[in-house]
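S.K.: Shown below is the structure under consideration.
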Amino acid sequence: MKLLAITGLAALPSAAFAFAPHHTSVRPVLVQQQLDARRRAFKLNVGTNPAEDQKERDQTIDQLINAELGASSKKAVGGSQEQASKQKKSIPYSELTIGVLKETYPGENRVSQTPQSVKSLVDAGFTVVVQSGAGEKASFSDATYLDVGAIVLSEQQVFDDADIITKIRPPNDEEVPKLAGKTLISMIQPAINGDLYKELTEQNTNVFALDCVPRMLSRGQAFDTLSSQANIAGYRAVIEAAEAFPRFF
């Protein structure tokens, strides 16, 4: 038999050569269906004996498909290994320090970490340093932070020791230079504070803007500050309205 040409194998989508991780010797049903369809689509010039030609043709096609499957599998494994090698190694929690700053914005009484949340971080293995007086306006004394394993320091010491800084309000002009090369978890409002966003970016500050966390993601709802604070504002609005209203509701 003279096998002159086989066309169409290169057109198979790469997804068709995917393997189940623990069943590499068995082709998935979808893959098999795609391969069978491709077999029927091959255009071949065959010889004079249809039976022999058909048998040899099927064997040749299977050899080509198996070779392509093997090459694609090796390529996928090699690509995943290369990607993994490029990824930065994770840092153990025990080697990271989280700093909690006192809010300086006028009228801001909140604090970014309560003693309860600090305890969770300490239990997870983090070192937590809290600026002295950070929780006073929120009715959390320094002693309550010490009781859960935090270390109470001055503002400058918190900046010096912490790898990760947590705040409520965006950092002010004095705080921004001290955040160079660190990670900041705070509300940033980059659409409004364009200059702040640019400055933090240029000094390699890694920023998690809590006001930009998408609410539609279930895992992001615990970090979404806008919805939670809007909820509190709604409750307070009703209470204040009751105080101002001249009659009972």
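The values are calculated or read from the model by the stated rules, or taken from the named source; none is laboratory data. Since this is a predicted model, take the numbers as computed values, not measurements. A quick note on method: Cβ atoms are made from the backbone with ideal geometry, for glycine too, and the neighbour counts reach across all protein chains shown. These area figures cover heavy atoms from the full protein model, side chains too; ligands, DNA and RNA do not enter into them. Shrake-Rupley method; radii C 1.70, N 1.55, O 1.52, S 1.80 Å.
S.K.: Under 7 Å between Cβ atoms, which residue pairs at least 6 apart in sequence (or on different chains) link something in the stretch 234-245 that is at positive phi with a partner that is surrounded by 10 or more Cβ atoms within 10 Å (Cβ to Cβ)?
M.R.: Here the result reads none, with nothing in the stretch 234-245 linked to a residue that is surrounded by 10 or more Cβ atoms within 10 Å (Cβ to Cβ).
S.K.: Same structure again: How about the stretch 181-207: which of its residues are open to solvent by less than 50 Å² (accessible area, probe 1.4 Å), more than 22 Å from the chain's Cα centre (by Cα) and hydrophobic (A, V, I, L, M, F, W, C)?
M.R.: Hit for the stretch 181-207 is 196, nothing else.
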